[in-house]
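> Structure incoming, see below.
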Amino acid sequence: MKWNVLSAIFKRDFISYFSNPTGYVFICVFVVLSALATFWPPEFFANNLANLDQLSRWLPFIMLVFIPAITMSAWAEERRQGTDELLLTLPASDFDVVLGKYLAGVAIFTVSLLFSGLSIFTVFNYGLGNPDPGLFVSTFVGYWFMGIAMIAIGMVASFLTSNLTVGFILGMIFNMPLALFGVADWFVKDPAWADTIRRWSAVYQLGDFKRGVLSLGGMTYFLAIAAVMIYVSMILIGRRHWQSRDDGKYMLAHYAARGLALLALTVGLTVIIQDRNALRADVSTEKLSTLSPDTRELLADLRDNKDVKSIKIDAYVSPQVPTDYTAVKLNLTNTLEEFKALGGGKIDVALHEIQNFGPEAELAEKNFGITPQEQIVTDGGEQKVEEFFMGIAVTSGLDKVVTPFVNKGIPIEYELIRSIMTVADKQRPKVGIVNTGINIMNPDGSQRGEWPLITELRKQYDVVSVDASQPIRGNYDVLLAVQPSMLSPDAFAHFVDAVRSGIPTAVLEDPLPYFYPASMPGTGEPKQSMMGGMGGMFGGGQTEPKGDVDELWRLLGIRVNPMEVIWQDYAPEASVRSMQDPQWVFIDENNGNKKAFNADLDVSSGLNQLLVLYPGSISRVDDSKLKFEQIIATGVGNSGTAPARLLQRFDPQRPNPNRESVPRMRTKDGYVLAAHITGPPPEEDAALAAPAKEGVDPADAPENAEESIKAKKAKTRDMNVIVVTDIDWIIPSFFFIREGGEEAFLPATQNVTFILNIVDKLAGVDRFMDIRKRTRIHRTLAKIDEATAASRDEASKKQDEFIADINKKEEAARKAMAEKIDQVESRTDISTMEKDVLLEQVRMREQNKLDAEVRALAAQRRRQIKENDYKLDQDIRSVQDRYKLYAILIPPIPPLLLALAVFFRRRELERQGVSRERLK
């Protein structure tokens, strides 16, 4: 290789391109098309993600036009001008000539890509939001590798002709498979074949790069294409040596065989490297494709586990999902790729992009029960229902864990690693749900109608119902008792014995179950009998005996006041302020409460916010020898107590019945709402934990009593109990909020994470806690949100004003109706029977009038809300359109200025040495 010749060819082609304004015009076209593909698709602003996904989808098609414009003159122009012979007579090899021209094309493309990248990043950074620099660089590195492959292909087209137009057309045709393979489902009906073809497309091979990962597998694909095409170019330029010979046709076959062999070699090498997924680096600033250390450690253990043969992950995703779920699909695909890369060959990932109907959809439902699900999504400012796939099935042998739908709030990394480790384990830990009368789980084992908490636990544990009417026997890794004070005395005694015996137990006990019916008694309330609940027909007011909950508190060495509810003067979530009252207690460090979460316990460390409703409090008995660890607590100085007997339960007609009218006492101290109690039971209780020695009556053998107690104590495990003084915090609504990823409703509340942490902690399965808390941050178009914030605030203010006005009118109408009824009731000039008849007439007439007025006000409210939403949508669209215009006008400015500078410079050089008379 002669570097002086190679350098001369490179400089000649590179300088000639940029010394002509036409080159800058092509760059302007490329930059404008790139900006259009990035910012103008409707999905860009709808997705609200500061990334280049839209450009990645369209860039292969843009480069179908731009790359041939660079390569068409690589050799065709030399032939047209007759300078090809001069190049071929240089003291250099064919490889030097081909490589010099190829590197010049790559350099021209690199400069064009830099113009595009810098302009797009400028628009992002200064106009739309704060993009992830690492993700941005990684994506453009992927574009560069795609460009070097397409340039090599375009050069082959240029070596085949001496006509620039033909060279351009051939360059487009030869590069077309790289772009069209990405949309193989458009022209291939068989999903399996379409998926196979898609895997060899440029957009598929860009996958790692656009996820922020620089991978050797993705680079190998593009480098292999470039290597093969450069070799083909060498064959084409060298055919002059053997084309006119007698054995020319044999030489053609010889070089064709060489080319095919090189192609087969590079394909095989690419497949091997991509299957091994070696040398991957996540360069994104937010580490979007980096698994947590705990996940990587679990996968390493899985690779070393010889008992686990293989694990299959089947992900069923619709090709196009609503914009609300774009980030979910992105996270899912990113995480699946990383699991496949780190699985060491034991994890096989199959991502099925399938339509709602068809053979693959039928297989997904038949094999795993995964079906397209209806979700309420936002499209163009309006809510609508769309149906699509987003399900995962993890299988190993006959064991499987299925997540029918990955909703917006589900942490995908946690969901996957938990499912993988669950099917890899030979036996699942057992969780016993104590049947206290709250039907969170069906005692018969059927899963229909069970609470989401039980559904979530089934993904990791063997969940069974526990009947406490009999002594609790069996190997339970953990017991969960929700409102155990409802148990009968005998059942409660059995439950206390289970706690005393050392079975890890979660106790959720509530002085006032706010969101439960009145038949569900609080800790200090009597339990109504079933007969007494039937309208009093069988002696209403009867009560059933309950267990003595103080027996449990004495065993645990704690004090819980059953007649007090804790309140707190702190309400961070504007989304629930119309419903909440001070008894909605937010556990949040932003409250100034540094002890809100115990950072020393893994069950609570790393949590941001919990919401407990009408909780009680826990305090430690002074002489208790058990270890007492606070888990969560209220703030100091802004909380206190309220009498439980004066508080009302939730009423849909009155969302906040206890906001103002309840006497509350503010105290200086904070309150512990959850605690972890561990240690051996008191000696007098340890002696009761197991039966005495066979054939010995302790009453008849007092000399053996002390020895017997020591023996029992040695056989008794330490107690391990977590007590939370509320049960409202695990109602299904919190699971639905978490699944739906409701950003506008309790966005920071982590109740689901907390209850799962409690069960994991007690069961001794702490490997998922940190993973469960982890979230990925996708940077958004923050400056667009800032630009539209004023319009949103104004719209919200107007909406609140007219809703308040309408509510005032409705209240006035109800008051007028009540006054007319009072007028009739106050009359003394008519008999009681006449008054009753008149009252009924007035009630019916006024009620009909009120109903009509309420309907009219409701219609007015809906109309005004729609009008307000429409105006807000128009304001937002106006801002978006303005930024779209900026995004198109700004990027081509730098290359245009350079084009003008080159143009005027050339004009100036042309004018030098020319007489003034000729210039005129």
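> For ALA599 and GLU834, calculate 0.36 nm times their separation in residues minus their Cα-Cα distance, and state this gained length in nm to one decimal.
The span from ALA599 to GLU834 would gain 77.5 nm if fully extended.
> With the Cα gyration tensor of segment 19-76 in hand, convert its eigenvalues to equivalent ellipsoid semi-axes via √(5λ) and list them largest first in whole Å.
The answer is 28, 12, 7 Å, longest axis first.
> Provide the three semi-axes, in whole Å and in decreasing order, of the ellipsoid equivalent to the chain as defined by the square roots of 5 times the Cα gyration tensor eigenvalues.
Computed over the chain, the values are 69, 39, 24 Å.
> Run down the lysines and flag those whose C-alpha is under 18 Å from the C-alpha of LYS761, throwing out any fewer than 8 positions away in its chain.
Leaving aside lysines fewer than 8 places away in the same chain, those within reach of LYS761 are LYS430, LYS459, LYS627, LYS773.
> Rounded to the nearest 0.05, what FRET efficiency do GLN823 and ASP651 have when you use their Cβ-Cβ distance and R0 = 25 Å?
0.30
> To continue, here is another question. Compute the whole-percent fraction of alpha carbon pairs in segment 302-403 spaced more than 21 Å apart.
41
> Let me know the shape class of segment 37-191, please: from the alpha-carbon gyration tensor, a ≥ b ≥ c as square roots of the eigenvalues, rounded when a/c is under 1.5, otherwise prolate if a/b is greater than b/c, or oblate.
The shape class here is prolate.
> Let me ask you something else. Going toward the positive end of the dipole of segment 3-282, with +1 on Lys and Arg Cβ and -1 on Asp and Glu Cβ, which of PRO60, ALA76, ALA35 do you reach last?
Result: ALA76.
> Sum up the charges of everything whose Cβ sits under 11 Å from the Cβ of ASP208, counting Lys and Arg as +1 and Asp and Glu as -1, but leave ASP208 out.
Net charge in that neighbourhood comes out at 0.
> Sorted by average packing, counted as other Cβ atoms within 10 angstrom per residue and highest first, what order do 150-157, 815-822, 765-772 take?
150-157, 765-772, 815-822
> With labels modelled as points extended 7 Å from the Cα through the Cβ direction, what inter-label distance (nm, one decimal) is found for THR543 paired with SER465?
The answer from the label model is 2.8 nm.
> At THR371 and LYS384, where each label point lies 7 Å from the Cα along Cα→Cβ, what is the point-to-point distance in nanometres?
Label-label distance for THR371 and LYS384, simple model: 2.3 nm.
> Would you mind checking which residues have amide H under 5 Å from VAL349's amide H? H placed 1.01 Å from N; only 5 or more apart, or other chain.
HN-HN under 5 Å from VAL349: ILE313.
> Can you tell me the FRET efficiency between LEU262 and GLU786 if r is taken as the Cβ-Cβ distance and R0 is 60 Å, rounded to the nearest 0.05?
According to the calculation, E is roughly 0.65.
> So for segment 302-403, if I pair up every lysine 8 or more residues apart or on another chain, how many of those pairs have alpha-carbons under 15 Å apart?
8
> A follow-up question, please. Helix-derived [θ] at 222 nm for the chain: sum -39500 (n - 2.57) over DSSP H runs of at least 4, divide by residue count, nearest 500?
After summing the helix terms and dividing by residue count, I get -16500 deg cm²/dmol.
> Report the semi-axes of the equivalent ellipsoid for segment 3-282 in whole Å, largest first, where each axis is √(5λ) for an eigenvalue λ of the Cα gyration tensor.
33, 24, 17
> Given a Förster distance of 35 Å, report the FRET efficiency between VAL166 and SER878 from their Cβ-Cβ distance, rounded to the nearest 0.05.
For VAL166 and SER878, the calculated efficiency is 0.15.
> Select from segment 629-679 those trypsin sites (Lys or Arg not before Pro) which occupy a DSSP coil region and have at most 10 other Cβ atoms within 10 Å, ordered by residue number.
Sites meeting the loop and neighbour criteria: LYS668.
> Treating the angle as unsigned and between 0 and 90°, give the value, to the nearest 10°, between the Cα long axis of helix 489-500 and the longest Cα principal axis of the chain.
Value to nearest ten degrees: 50.
> What spacing in nm lies between the two simple spin-label points modelled at MET176 and ARG843, each 7 Å away from Cα in the Cβ direction?
Placing both labels 7 Å beyond Cα along the Cβ direction yields 8.0 nm.
> Can you give the angle from 0 to 90° between the axis of helix 782-825 and the longest principal axis of the chain, with both taken from C-alpha atoms, to the nearest 10?
Helix 782-825 and the main axis of the chain meet at about 30 degrees.
> Which whole-Hz couplings ³J(HN,Hα) result when phi for each residue of segment 263-273 is put into the Karplus expression 6.51 cos²θ - 1.76 cosθ + 1.60, θ = phi - 60°, listed in order with x for Gly and Pro?
4, 4, 4, 5, 4, x, 4, 4, 4, 4, 5
> Highest mean first, what order results for 102-113, 502-513 on Cβ atoms within 10 Å?
502-513, 102-113
> Provide the gained length on full extension for the span GLU811 to ASP669, in nm with one decimal, where the gain is 0.36 nm per separating residue minus the Cα-Cα distance.
47.0 nm
> Something else now. Could you compute the net charge surrounding ILE566? Neighbours are other residues with a C-beta less than 12 Å from the C-beta of ILE566; K and R count +1, D and E count -1.
Summing Lys/Arg as +1 and Asp/Glu as -1 gives -3.
> What is the list of residues in segment 358-377 whose amide nitrogen lies under 12 Å from a point 7 angstrom out from the Cα of LYS312, following Cα to Cβ?
Residues 364, 367-368 fall inside that zone.
> How far, in nm, would the chain grow between VAL402 and GLU297 when pulled straight, counting 0.36 nm per residue and subtracting the alpha carbon separation?
Additional length available on full extension: 35.5 nm.
> Another one. Give me the net charge for the shell around ASP510: Cβ to Cβ below 10 angstrom, other residues only, Lys and Arg +1, Asp and Glu -1.
-3
> Let me ask something else. Using packing as a proxy for protection, rank 548-554, 422-428 so that the peptide with the highest average count of other Cβ atoms within 10 Å comes first.
Output ranking for 548-554, 422-428: 548-554, 422-428.
Every number here is computed from the coordinates shown, using simple stated rules; none is lab data. Because the structure is a prediction, the values reported are computed rather than measured. Positions of Cβ are generated from backbone atoms using ideal geometry, with glycine treated the same way; all protein chains shown enter the neighbour counts.
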